[in-house]
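Engineer: Please see the structure below; I have some questions.
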Amino acid sequence: MPPQPGPWLRRARRILPSLRRWRWELHRHPELSNQEVATRALLVGFLKDLGFEPELPRGFTGVAVRESTAGDGPVVALRADMDALPVSEATGAPGASRRPGIMHACGHDVHMAALLGAAWMLRTERPKGRFRLIFQPAEEEGGVGGAGPWIARGILGAPRVRAIVGAHVEPALPTGSVGLRTGAMMAAADRFRIRVYGRAGHAGYPQRGRDAVVTAAEIVTGLQTLVSRRRDPIDPTVITVGTLQGGLRHNILAGEAEMTGTVRTVRPETRDAVEQELRRRVSGIARSSGLRAKVDYRRGYPALLNPPEPTGRVREALRSELGPGRVIELPGPVMGAEDFARYLEAVPGCFFFVGAGRPGAPESLHSPTFLPPDETLTVAAASLAAAAAALGGRTP
Ligand code: NI
């Protein structure tokens, strides 16, 4: 027998027509990171319709509501991300993207609509606590991102945010469920560019030049054995070389080659060690062949760590809301990254996944056919409200 839906889920189902309207309006007008101008204008309209006072930070495409309820108690922030991806939508949905080559393929349209719904329900029900709404741009940017700069400009201050909640849709979990874990839940993501400098020459006389392509190939395999032979197999590490280019012509020794890639780790010590080892290994391989290599290594989002106390409260709230069988304990961290991690470096809180899986639908975010169902939207809205209320003091 399916579990009895809790009060927030019943409320979310009642406001489904509004949730849907917001979601599809946002879905039709996707924008890339740091360009969320139309998205922000839509959000400002929706927030005003609901009677909220939106604040627009200068020089920044986010929108916030500093206190969405006039109650007392600690300030709890709810955060949604706003940006879309350079993906050509292939869902065939009537509300599909009207912008060629751009799509909400990561479900951020669902996150924004769910946050509007949660804010509306929290204001109607008035659980203990005051609530800040954060619609944050540039989560997909991957390097600087939207969270870090906005935290630096004070989005968590005046009055000070005591806790924060956020959620992301997840097609690997069944629709109707949520997933979370205490401690490390998502990876740190760094990126690198490696340039290999050799000496071009006649391809028939390799001894007279320095072939950058062969050395680049050794570096690619060297980075794989760095993970498989130098790291503890139960301490997750991923190195992916995503691009590799070099040379000019089939019969000329490549004078230069270049590759770019990503490093994913969970523990901070591992993150430092892998960066050092990568640099050492690249220069060692290049030197042993008489070439030179330059490594440009950039740190991106840190690992996302859910602290025990607020995560325990959110877990309990979600269990009583959705039924215990619908709150899935993730067995380990996933190797995706998320700049919500930066809020959790500054304040306690909890991040969780909202199931969007359906039989026959793609199991991957960023897919051109990714389309979370309505139930994902209502569960996201209900879960955000329940989690925020749990951290604000009590559930109604
Ligand atoms: Ni995303």
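The values are calculated or read from the model by the stated rules, or taken from the named source; none is laboratory data. Since the structure is predicted, the reported quantities are computational estimates derived from the model, not experimental observations. Neighbour counts are summed over all protein chains in view; Cβ atoms, including those assigned to glycine, are modelled from backbone coordinates with ideal geometry. Just the protein is used for accessible areas: all its heavy atoms, side chains included, with ligands, DNA and RNA removed. Shrake-Rupley method; radii C 1.70, N 1.55, O 1.52, S 1.80 Å.
Engineer: In the chain, carbon and sulfur make up what percent of the accessible area (probe 1.4 Å)?
Structural biologist: 53 percent
Engineer: Can you pull the one-decimal nm distance between simple spin-label points at R298 and R160, each 7 Å off the Cα toward Cβ?
Structural biologist: Between R298 and R160, the label points sit 3.3 nm apart.
Engineer: Might you report the magnitude of the Cβ-based charge dipole of the stretch 218-336 about its Cα centre, with Lys and Arg at +1 and Asp and Glu at -1, to the nearest 20 debye?
Structural biologist: 280 debye
Engineer: For T240 and T124, what is the calculated FRET efficiency with R₀ set at 30 Å and r taken between the beta-carbons, to the nearest 0.05?
Structural biologist: 0.05
Engineer: Related question: Output ³J(HN,Hα) for the stretch 329-346: one whole-Hz value per residue in order, computed from phi by the Karplus curve 6.51 cos²θ - 1.76 cosθ + 1.60 with θ = phi - 60°, and x for Gly and Pro.
Structural biologist: 7, 6, x, x, x, 9, 9, x, 10, 7, 7, 4, 3, 5, 5, 6, 6, 9
Engineer: For R130, which sequence-distant residues (separation of 5 or more, or a different chain) have an amide H within less than 5 Å of its own amide H, given hydrogens modelled in the peptide plane?
Structural biologist: Result for R130 returns V75, V76.
Engineer: Can I ask one more? Arrange the residues T262, T39 by how much accessible surface each exposes, largest first, with a 1.4 angstrom probe.
Structural biologist: From most accessible down to least: T262, T39.
Engineer: Here's another thing I want to ask about it. For every other residue with a beta carbon closer than 15 angstrom to the beta carbon of R358, add +1 if it is Lys or Arg and -1 if Asp or Glu, then tell me the sum.
Structural biologist: Around R358, the surrounding residues sum to -4.
Engineer: Still on this structure: Could you tell me which residue out of A356, H366, L304 lies farthest along the dipole of the chain toward its positive end? Charges go on the beta carbon: Lys and Arg +1, Asp and Glu -1, centred on the Cα centre.
Structural biologist: Farthest towards the positive end: L304.
Engineer: If you restrict to DSSP beta bridges whose two residues both lie in the chain, what percentage is antiparallel, to the nearest 5?
Structural biologist: 60 percent
Engineer: Helix 108-125: angle to the longest alpha-carbon principal axis of the chain, degrees 0 to 90, nearest 10?
Structural biologist: It works out to around 30 degrees.
Engineer: Express the C-alpha Rg of the chain as a ratio against the empirical globular expectation 2.2 N^0.38 Å, rounded to two decimals.
Structural biologist: The value comes to 1.10.
Engineer: What number, rounded to the nearest 500 deg cm²/dmol, is the helix-based mean residue ellipticity at 222 nm of the chain, given -39500 (n - 2.57) per DSSP H run of at least four residues and division by all its residues?
Structural biologist: -11500 deg cm²/dmol
Engineer: Among S383, V75, M259, whose Cα sits farthest toward the positive end of the charge dipole of the chain (+1 at Cβ of Lys/Arg, -1 at Cβ of Asp/Glu, about the Cα centre)?
Structural biologist: Highest projection toward the positive end goes to M259.
Engineer: Suppose every Lys and Arg Cβ carries +1 and every Asp and Glu Cβ carries -1, with no other charges. What dipole size does the chain come out with about its Cα centre, to the nearest 20 debye?
Structural biologist: Using only the charged Cβ atoms, the result is roughly 420 debye.
Engineer: Could you calculate the FRET efficiency of D72 with V37 from 1/(1 + (r/R0)^6), where r is the beta carbon distance between them and R0 is 45 Å, rounded to 0.05?
Structural biologist: Calculated value: 0.80.
Engineer: F352's amide H: which non-local residues (gap 5+, or another chain) put their own amide H closer than 5 Å, with H modeled 1.01 Å from N in plane and none for Pro or chain starts?
Structural biologist: G166, A167, H168
Engineer: Please compute the per residue accessible area over the chain with all protein chains in place, 1.4 Å probe, rounded to a whole number of Å².
Structural biologist: Here the residues of the chain average 42 Å² of exposed surface.
Engineer: Determine ³J(HN,Hα), in whole Hz, for all residues of the stretch 204-216 in sequence, where each value follows from phi through the Karplus function 6.51 cos²θ - 1.76 cosθ + 1.60 and θ = phi - 60°; x replaces Gly and Pro.
Structural biologist: x, 10, x, 5, 8, x, 9, 7, 6, 5, 5, 5, 4
Engineer: Bin width 10 Å, alpha-carbon pairs only: give the P(r) of the stretch 137-285 as whole percents, running from 0 to the bin holding the largest distance.
Structural biologist: It works out to 9, 27, 27, 21, 11, 5, 1, 0, in whole percents.
Engineer: Quick one: which of 7-19, 343-355, 55-67 comes out on top by average Cβ neighbours within 10 Å, and what's the full order, highest first?
Structural biologist: For the peptides 7-19, 343-355, 55-67, the packing ranking is 343-355, 7-19, 55-67.
Engineer: In a shell of Cβ-Cβ distance under 11 Å around A200, excluding A200 itself, what net charge do Lys and Arg (+1) and Asp and Glu (-1) give?
Structural biologist: +2
Engineer: Next question, about the same structure. Evaluate the relative contact order of the chain (contact order divided by residue number), counting alpha-carbon pairs under 8 angstrom at least 6 apart; express in whole percent.
Structural biologist: 26 percent
Engineer: Add +1 for every Lys or Arg and -1 for every Asp or Glu among the other residues with Cβ under 15 Å from the Cβ of D296, and state the total.
Structural biologist: Value of the local net charge: +4.
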